[in-house]
Amino acid sequence: MATRKTRRRVTARKARSTRSRVARRGAARGAVHAPPGFLLINMIPHSLSGETSQDSEPHLTVNPANPNMIIGTAFSPNPGGGALGPVYKSLNGGNTWIVQAIVPSVAGSGIGTGDITTSFNRTGSKLYGGILRAGTGALEFLRTNAPAFPPMTVLASRPNADQPFTHATTVPSGPGAGQDRVYIGDNDFAAPGGKTQTVDQSLNAGVGPPVAFGSVRVEKRTTVGQDGPQCRPVVHSDGTAYAAFYGWRALTGSFPANTLVVTSADVVVVRDDKWGAGGFVNLKEPPLPAGDGLPGKRVIKGVSFPFMRNGTAATGQQRIGGTISIAVHPNNSSVVYLAWGDRQPGSFLTVHVRRSTDRGVTWSGPGDLLTIPNATNAALAIASTGEIGLLCQQVTGTGAGQRWVTHLQRSPNGIVWTDLVLATVPATTPVKTFDPYIGDYDHLVAVGSKFFGIFSANNTPNMANFPNGITYQRNANFTTHTLLNVNNSSPVAASIDPFFFKV
Amino acid sequence: MRDSRRLMEAQHPTFVFMGTVKKLKKATMSGVPVDERTAVVRVDQIVEAPPDLTGYLGQNITVQLAGRHNVRVEEQLVFHTVGWMFGDSVAVRSLREESAKSSRAAMLRPSDDPVKRRAQQHVRGRFDAADLVVSGRIIAVRLPKGPTSQGHRVAAGIHGPITEHEPKWREAILQVDEVLKGAPPGRRLVVKFPASSDVMWYGAPQLHAGEEAFFMLHRTEADPSEPSGAKPRKGKARTTGTAEARSYRLLDAADVQPCDEQNGFRAILEAASAKHKR
């Protein structure tokens with residue numbers, strides 16, 4: 001026993017040594033290319049060095065009152081089994097991460113949870129979440145207390161909805177001061193008339209249960225029978241609430257045959273000036289002929305894009321089905337940026353960025369502020385300095401040379417953009433074990449002047465894949481480009497991991 | 001908080017080990033909230049474990065004790081736990097502890113594979129939860145007959161809403177050979193399984209014509225992929241309601257066990273049978 005213990009201590013020292021070398025090397029590379037304070041880290045902890053799950057579709061929330069406290073999520077099974085799915089938790093600003101099982105799930109789940117997004121309230125005392133529960137697919141709204149993070153309480157549950165996207169805050173002053181406001185955008189197939197775009201909201205989510213959630217149907221126009229899955233809410237501290245979504249107007253092709261194309265969709269922005277209490281009808285189009293007089297500004301009409309069941313080689317194994325993100329300036333709720341994706345010649349999905357400075361009434365254009373072809377997973381955020389950030393993932397090259405390149409584009413004014421390449425990894429390996437390969441979304445948030453983000457990518461330990469530096473917690477040999485198990489010697493196959501960055 | 005406690009109590013242990021308490025009110029990793037129920041425990045023997053925890057034999061880990069009785073330093077106990085936190089080290093939550101001297105788990109041979117034993121426990125759980133367990137052969141796999149669809153869904157080629165999580169249901173016709181649990185409505189059963197590669201259906205077994213196996217079948221009242229408010233209009237049954245209520249589903253890979261696993265599934269069957277007789 002003594003011999004074994006000694007050997008394990010040596011192994012552990014070796015592991016720490018390897019990690020340190022990697023971290024130092026990453027920092028050294030980063031000093032050449034990356035801005036000061038840049039951190040990029042593989043979030044899989046050292047004790048899970050042997051894991052090979054497809055940890056895709058990541059999301060992130062940062063405690064606004066204490067940016068050292070960060071929660072990340074992804075399709076990750078509970079490594080210890082049990083009926084709770086995990087989240088990734090950092091208490092030191094993302095420098096190290098642990099995995100903690102707190103999400104209601106089903107015993108033995110291979111994915112931990114279905115779609116999941118989380119958000120802290122403004123004071124950081126509570127963490128809210130929206131999930132599709134593993135095992136049942138039910139849409140569930142969750143809450144737990146920080147900083148202890150006991151297993152999350154289910155506040156509401158219902159079937160038949162998709163892609164919950166969570167945004168929470170706390171009323172800072174005035175009427176309702178101190179109340180937690182939670183907005184979960186989703187595609188609710190139970191909505192009447194096929195107008196499925198919905199913001200489920202609670203205007204006082206911090207007390208109870210019971211916690212009252214109301215479903216606000218933000219789609220006001222005729223659809224093809226339903227809308228797309230993305231509904232992205234964001235709320236300013238003055239009570240201005242926005243949401244962006246695709247209104248589906250026409251389709252062609254077959255979903256089972258993986259040929260479905262949304263041939264006409266409107267990119268719609270809705271707004272409510274009283275924390276959502278008014279039903280998101282404050283942004284209306286002018287009457288005919290300039291508009292249709294209905295709530296919801298159609299920023300772009302009639303866009304087209306594939307809505308794929310399965311990712312293909314042409315799309316880097318990732319299924320494509322549109323992408324939308326919206327961000328509001330933290331110092332001026334009239335300034336709002338919007339990113340969306342559509343199909344363009346030679347590009348399966350092109351990400352566009354535009355801006356409104358009058359609360360969504362008029363938008364920049366006809367040209368884009370930024371255009372990125374063959375890209376998806378757009379995520380916008382605006383820092384307190386006014387700097388705009390766009391995270392997105394782009395396919396480049398073909399065949400064996402095809403790569404997923406993850407970009408953080410930043411701009412002080414929306415006109416001049418600086419590209420920071422976070423990762424450029426092979427798109428053909430590892431082979432996907434399910435759809436989506438890297439996730440139907442990633443996420444970017446701004447707290448103060450900093451951006452915090454998360455994305456999923458191939459985890460091969462190769463410095464060339466991370467041109468601005470990288471830190472691994474799990475055991476890895478960057479010379480042989482091999483992941484290593486907890487014993488720091490057995491090789492581990494490459495897989496998809498979540499990566500955190502801040503700048 | 002009460003909800004959290006109920007959730008914990010509803011869990012089944014996944015990491016069972018004999019260990020020696022080395023320290024109280026201490027942890028092996030940062031990030032663990034330390035209180036009077038926190039202990040550092042050396043793992044002496046692993047009885048049952050998921051793969052990621054087998055490497056901790058002989059190592060100290062953190063245990064949040066169930067708190068039902070006092071624990072002393074150097075006391076050896078069998079811990080029935082579930083995974084909790086994973087960082088530089090590992091922390092688990094104990095659902096219960098028992099004396100190593102009296103524990104049945106402690107009598108198990110150390111050479112037995114703890115991962116295999118965990119897998120068998122999972123299969124046993126699926127057996128216990130199944131409405132019907134049979135051996136048999138898949139004689140055909142076909143597309144299900146769907147309910148009347150709305151226009152856009154017909155155009156898109158599916159019956160439910162267009163969603164990336166659409167299950168892509170398939171129906172397998174199962175010719176029953178032997179009934180091991182429950183009472184089948186006939187010798188031929190219709191078994192639904194999702195053929196989708198979407199994440200929500202990850203791990204579901206994929207059936208093929210000619211396949212022979214043991215099948216643990218679960219009846220499901222509601223189809224999670226069914227659209228609409230799912231409430232029938234007054235006086236009208238849903239188009240699929242009756243058929244759905246009768247059909248069986250396969251959603252867990254462990255629900256299909258190969259026939260040639262004589263020492264695997266047969267042993268589980270015998271254990272389950274003995275348990276039912278008791």
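The values are calculated or read from the model by the stated rules, or taken from the named source; none is laboratory data. All figures in this text were calculated on a predicted structure; none of them were measured in a lab. Glycine gets a Cβ as well: all are built from the backbone with ideal geometry, and neighbour counts include every protein chain shown. Only protein heavy atoms, including side chains, enter the accessible area calculation; ligands, DNA and RNA are left aside. Shrake-Rupley method; radii C 1.70, N 1.55, O 1.52, S 1.80 Å.
In table form, for the structure just shown:
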read-out: Per residue accessible area in Å² of the stretch A:307-437, where ligands, DNA and RNA are left out and the probe is 1.4 Å; value: 32 Å²
read-out: Neighbouring partner chain Cβ atoms per residue of A:145-151, average, 10 Å criterion; value: 4
read-out: With Cα atoms, 0 to 90° folded angle of helix A:2-33 axis to chain A main axis; value: 50 degrees
read-out: Rg/Rg_globular for the protein assembly as shown, with Rg_globular taken as 2.2 N^0.38 Å and Rg from C-alpha atoms; value: 0.95
read-out: Sulfur and carbon atoms: percent of accessible area, the stretch A:167-309 [1.4 Å]; value: 56 percent
read-out: Solvent exposure, largest accessible area first (probe 1.4 Å, DNA, RNA and ligands not counted), of A:HIS236, B:HIS208; value: B:HIS208, A:HIS236
read-out: Loop chymotrypsin sites (Phe, Trp or Tyr not before Pro), the stretch A:409-450 (other Cβ atoms within 10 Å of the site Cβ: 14 or fewer; DSSP); value: none
read-out: Exposure rank, largest accessible area first [A:SER347, B:SER197, B:SER30; 1.4 Å]; value: B:SER30, B:SER197, A:SER347
read-out: Rounded accessible area of A:TYR128 (nearest 10 Å², 1.4 Å probe); value: 0 Å²
read-out: Highest-first arrangement of A:164-173, A:365-374, B:176-185, where packing means the average Cβ count within 10 Å; value: A:164-173, A:365-374, B:176-185
read-out: Members of the stretch A:89-133 that become less accessible by 30 Å² or more once partner protein chains are added (1.4 angstrom probe, chain alone as reference); value: A:ILE98, A:VAL99, A:GLN100, A:ALA101, A:ILE111
read-out: Label-to-label distance, nm, for residues given as A:THR259 and B:THR20 (7 Å Cα→Cβ offset); value: 6.9 nm
read-out: Heavy atoms of B:GLU164: accessible area, 1.4 Å probe, square angstrom to 10; value: 10 Å²
read-out: Total formal charge among the other residues, if their Cβ is under 11 angstrom from that of A:PRO286, Lys/Arg +1 and Asp/Glu -1; value: 0
read-out: Members of the stretch A:209-238 that become less accessible by 40 Å² or more once partner protein chains are added (1.4 angstrom probe, chain alone as reference); value: A:GLN226
read-out: Shielding score for A:247-259, defined as the mean number of other chain Cβ atoms within 10 Å; value: 3
read-out: Listed residues A:VAL335, B:VAL141 arranged by accessible area, highest first, probe 1.4 Å; value: B:VAL141, A:VAL335
read-out: Global form of the stretch B:32-104, assessed from the alpha-carbon gyration tensor, a/c cut-off 1.5; value: oblate
read-out: B:GLU212 accessible area, assembled protein chains, probe 1.4 Å, Å²; value: 120 Å²
